Every structure is written in C-alpha cells, then in structure tokens.
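A short write-up of the structure that comes next.
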Amino acid sequence: VDPRAPFSLNIGRFTTQVFFCTAEELQRELSSTEAFFCFDEHTLELWPGSPRCRAVVPAGEEHKNLRQLEYAAGEAVAAGMSRDSRFIAVGGGVLCDMTALLASLYMRGAPLSLVPTTLLAMVDASVGGKTGIDFRGYKNLLGTFYPAEMVYIVPELLATLPDEEFLGGLAEVIKHGLLGDDQLLKLLEEQRDNVLDRDTDLCGRMIARSLRVKAAYVQEDPREEGIRAHLNLGHTFAHALESCSGLGRYGHGGAVAWGIARALLLGELLGLTPSSYRQRVQELLSAYGYSLNIPEADPGALAEAMERDKKKRAGELRFVLQEGPGKTLLQTVPRTALLEALNATI
Ligand SMILES: NC(=O)c1ccc[n+]([C@@H]2O[C@H](COP(=O)([O-])OP(=O)(O)OC[C@H]3O[C@@H](n4cnc5c(N)ncnc54)[C@H](O)[C@@H]3O)[C@@H](O)[C@H]2O)c1
C-alpha cells in the first residue's frame, strides 16, 4: 500500500483527514473555497495569486504571540468571516499553531485546514490538535486542543525551505523511524543522498510514513496521558541544551538529534539499549551531519536545566529510553548515569 494514500485519524471527538497531493491539485481543491487564509511573509510567496481574505504575519517564533493573533482575528472580522468560514493556514509550525488557535476561538470554533510548508510542520505540528502562542516568555502558554479537519501534504513545497529548517524536521522523521517504523529507518539509511536532495517522490513517502507514526500515537493517547510521551524521545536532552545559554545555536533539529544519541547512550549505560543499536542510530544521525558531541555543553548545567524544566511542568523527570527499534519505555534514572551519558564522547 502506498503510504501516501489518504487516511483519517480520530482524535477524541475530532476527525482529521490527511491528503497527499501536488501543488496544482491543492490549488484546484482550495481555490473554490471561500476561506480565510493565514500566511507568514515567506509562505505567501508559495501561493500563486492572492486570496481576497487573508492575514500575513511576520515570520519567526518571536511573532507567535497575542499581537499577531489579534491582528489575524481583526482581519478575519474585517473580511466578514462567519462561524462556517474555513480558516486555512499555509506555513510552518508557528503559523499552523497560531491559525489553529484562532480557528478554535473564532465564534467558538470555525472549520480548520492546514497546509504545512516546513518538514517539521508536515510530520509533527500539523497533526495532534495542539494549538498555541507563546506568552510572557513561555512557549505555547496560551493554547487550545483543536485538531484540523483537513491536512494537505505537498512535498514539493519543501524545495524552497532553508537547509537548517529541513534538517530541523528531519530529526523528528528519524525519531519517528526509531519509535515505530523499520522501513522508514531503512529508507533514511539507504537513501540519504536522495533525501537530502529532497527528491519529491521519496520525500512524499518518507513524510507519509513519519506522519503515520505520529498519528498512531496521537490516536492512541489524544490527551497525552501515557504512551504519547514516547514522542519526546531525545527531547528532555534537547530542551536542556536549548535552554543553556548560547547553545540554542544548534537549532531544534540539531538539539533533538544530539538528544536522541544521548538518550540511547543513557539506555546502554543502564543495560537496556544494545550497543549495536545505539551505534547504528549514531551512524545514521552522523550521516545527516548532526553534531553528536557538543563539548561546550556542561553536564552539570544540563542536568540542572532538566530539573528546572521538570519543576515547571510539576512532573517527574522520566526519560524516554529504547531497548531497540520500536521498543520504547519511560523511566526515571539515577543522576550518576545521566551525568555519565552527558559527559561521554561518542
Ligand atoms: N502543534 C504541535 O503539535 C507542534 C509540534 C511541533 C512543533 N510545533 C511548533 O512548531 C513551531 C516550529 O515550526 P517550524 O520549525 O515549522 O518553524 P516556522 O513555522 O517558524 O518556519 C520556519 C521558517 O521557514 C519559513 N518557511 C516555511 N515554509 C517554507 C517554505 N516552504 N519555503 C521557504 N521558507 C519556508 C518560515 O517562514 C519561517 O521563516 C514551534 O513554534 C513549535 O512550538 C508544534
């Protein structure tokens, strides 16, 4: 079965339908719709013509805020959007999260479609129902749970994406392969050059496989009460790296890749992860150019950042570890093992 066949997933009382199509098919599908389009300044250029009803926000996480939400809401009102008007986001995770929040609030909930245009948004942010904007320095502090009705994946839109953004999303694709799709893992190992060249056909299959892994987790645990936490593989490490001053420069994807390698090493130190599997994953991550050793990252400072993060979430510091591909578990770990995993040169 072609992984790009359309599929739908049930998330609580919502249903999301996912379609894979070309840019031309997308135009045909959406041009007849009377809808409110949200773009950022870069993604507006990806759209031929200019929809009559639209908002264009500045690009970047620093604009994922109340001010831009208010601006977009104002444009929707001015354009006469009703409760039945469809909101369509064309953009990366920032734009998708903000538009989804707006749609969830607009007249208590308007129809929502997402056209993710970054690899990260295609394989992660577009599915799962989390919406949000940043507030008072906290990421996604204001948000709702509102899955899109439709998600359109158009792999050819990746052609213009900057390399760093592509690699940012690819770390999540690799993570999805490790969590639950051996064929995806093999594709990534065997077709590195074609993946990096963004071959449209190959990227389509890769995105479809990756998205289906995320969708399976979301469907099983919509409210993130249990197994969905596996999707945080590498992220406890990544968030700590990003919050240690000056280390944010590795980008989210770089931090996640480094975090995955550290999580597997931690698992090996605890006797859970076979060394051969850890090495296989390290080789894959290195092949895509991620730095797995970041000498200036101080283990003590990183461990403290993890503790702080845990306190903020009022939770337990549990790590996502693996016994092999698709064999994932959550566990608290002794600090000595954590420090050893952070300290090691790999
Ligand atoms: N809702 C969720 O479940 C979820 C999951 C993961 C991440 N997120 C959120 O996603 C956000 C990050 O998303 P992102 O990495 O997509 O960043 P982004 O939305 O900021 O996009 C990155 C940059 O790429 C540009 N861009 C987008 N598509 C392009 C294209 N096709 N060609 C050229 N340039 C393009 C954008 O204008 C922007 O400058 C974060 O705010 C994060 O919280 C949400």
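Just so it is clear, none of the values below were taken in a lab; they were calculated from the coordinates. The model shown is predicted, which means the values in this text are computed figures rather than measured ones. All Cβ positions, glycine included, derive from the backbone under ideal geometry; neighbour counts span all protein chains shown.
Of all DSSP beta bridges in the stretch 1-87, what percent run antiparallel (nearest 5)?
Values: 5 of 11 bridges.
Counting DSSP beta bridges with both partners in the stretch 1-87, the antiparallel share is about 45 percent.
Please list, by residue number, every one of the trypsin sites (Lys or Arg not before Pro) in the stretch 194-280 that is coil in DSSP and has at most 13 other beta-carbon atoms within 10 Å.
Numbers: sites: ARG198, ARG205, ARG209, ARG212, LYS214, ARG223, ARG228, ARG249, ARG262, ARG278, ARG280; in loops: ARG198, ARG223.
For trypsin sites (Lys or Arg not before Pro) across the stretch 194-280 that sit outside H, G, I, E and B with at most 13 neighbouring Cβ atoms in 10 Å, the list reads ARG223.
Kirkwood hydrodynamic radius, the chain, all distinct C-alpha pairs: what's the number in Å?
Values: mean 1/r = 0.0484 Å⁻¹.
It is 20.7 Å.
Would you mind checking the tilt of helix 200-220 against the longest principal axis of the Cα atoms of the chain, expressed as 0 to 90 degrees and rounded to 10?
The helix 200-220 is inclined about 80 degrees to the chain.
Can you give the net charge of the other residues whose Cβ lies under 12 Å from the Cβ of ARG86, counting K and R as +1 and D and E as -1?
Values: positive: ARG83; negative: GLU29, GLU34, ASP84, GLU149.
Here the count lands on -3.
Taking Cα centroids, how far is the stretch 126-142 from the stretch 70-89 in Å?
20 Å
Give the peptides 155-164, 237-246 in descending order of average Cβ contacts within 10 Å, highest first. Walk me through the intermediate numbers first.
Values: 155-164: 15.8, 237-246: 18.7.
Result, highest mean Cβ count within 10 Å first: 237-246, 155-164.
Please give the net charge around GLU29, taking every other residue with its beta carbon less than 14 angstrom from that of GLU29, where Lys and Arg add +1 and Asp and Glu add -1.
Details: positive: ARG28, ARG86; negative: GLU24, GLU25, GLU34, GLU149.
Once all neighbours under 14 Å are counted, the net charge is -2.
Could you name the aspartates and glutamates whose alpha carbon sits less than 14 Å from that of LYS312, not counting residues in the same chain fewer than 8 places away?
Filter leaves GLU304.
Go ahead and run the numbers for FRET between LEU202 and GLU296, Cβ-Cβ distance against an R0 of 35 Å, rounding to 0.05.
Working: r = 36 Å, r/R0 = 1.01.
E(calc), rounded to 0.05, equals 0.50.
Can you find, among GLY315, LEU266, THR328, the residue farthest towards the positive end of the dipole of the stretch 238-339? Put +1 on the C-beta of Lys and Arg, -1 on that of Asp and Glu.
Most positive-ward Cα: GLY315.
Let me have the 222 nm mean residue ellipticity of the chain computed from DSSP H runs of 4+ only, each contributing -39500 (n - 2.57), with the sum over all residues rounded to the nearest 500. Intermediate results must be reported in sequence, preceding the final value.
Working: 12 runs with 152 residues, N = 346.
Only helices count here, giving -14000 deg cm²/dmol.
What is the sum of charges around LEU120, taking Lys and Arg as +1, Asp and Glu as -1, for the other residues whose C-beta is under 10 Å from the C-beta of LEU120? Intermediate values should be presented prior to the final figure.
Details: positive: none; negative: ASP124, GLU165, GLU172.
With Lys, Arg at +1 and Asp, Glu at -1, the net is -3.
What number in nm² do you get for the stretch 146-286 if you take the convex hull of its Cα atoms and divide its surface by four?
Details: hull surface 38.7 nm².
Mean orientational projected area (the stretch 146-286, Cα hull): 9.7 nm².
Can you list the aspartates and glutamates whose alpha carbon is less than 13 Å from that of LYS327, not counting same-chain residues fewer than 8 positions off?
Leaving aside aspartates and glutamates fewer than 8 places away in the same chain, those within reach of LYS327 are ASP181, ASP182.
Per-residue counts of other Cβ atoms within 10 Å, averaged by peptide: what ranking do you get for 328-339, 77-88, highest first?
Values: 328-339: 13.7, 77-88: 15.5.
In decreasing order of mean packing, 328-339, 77-88 become 77-88, 328-339.
Just check the stretch 233-293 against the gyration tensor rule for me: Cα atoms, a ≥ b ≥ c as the square roots of the eigenvalues, rounded for a/c under 1.5, and otherwise prolate or oblate depending on whether a/b exceeds b/c. Spell out each step's value before the answer.
Numbers: a/c = 3.01, a/b = 1.53, b/c = 1.96.
It comes out oblate by the Cα gyration axes.
Which residue fluctuates the most in the chain, going by a Gaussian network model with Cα springs under 10 Å, if the choices are MET98, MET122, MET306?
MET306
Want the number for GLU62 to TYR138: 0.36 nm per residue separation, take away the alpha-carbon distance, what's left? Please list the in-between numbers first.
Numbers: separation 76, 0.36 × 76 = 27.36 nm, distance 1.13 nm.
So the extension gain works out to 26.2 nm.
Quickly work out the ARG13-to-GLN191 label distance, labels modelled 7 Å from Cα along the C-beta direction, and quote it in nm with one decimal.
Result: 4.1 nm between the two label points.
Angle, helix 163-180 long axis vs. longest principal axis of the chain, Cα atoms, 0 to 90°, nearest 10?
Long axis of 163-180 versus the principal axis of the chain: about 70 degrees.
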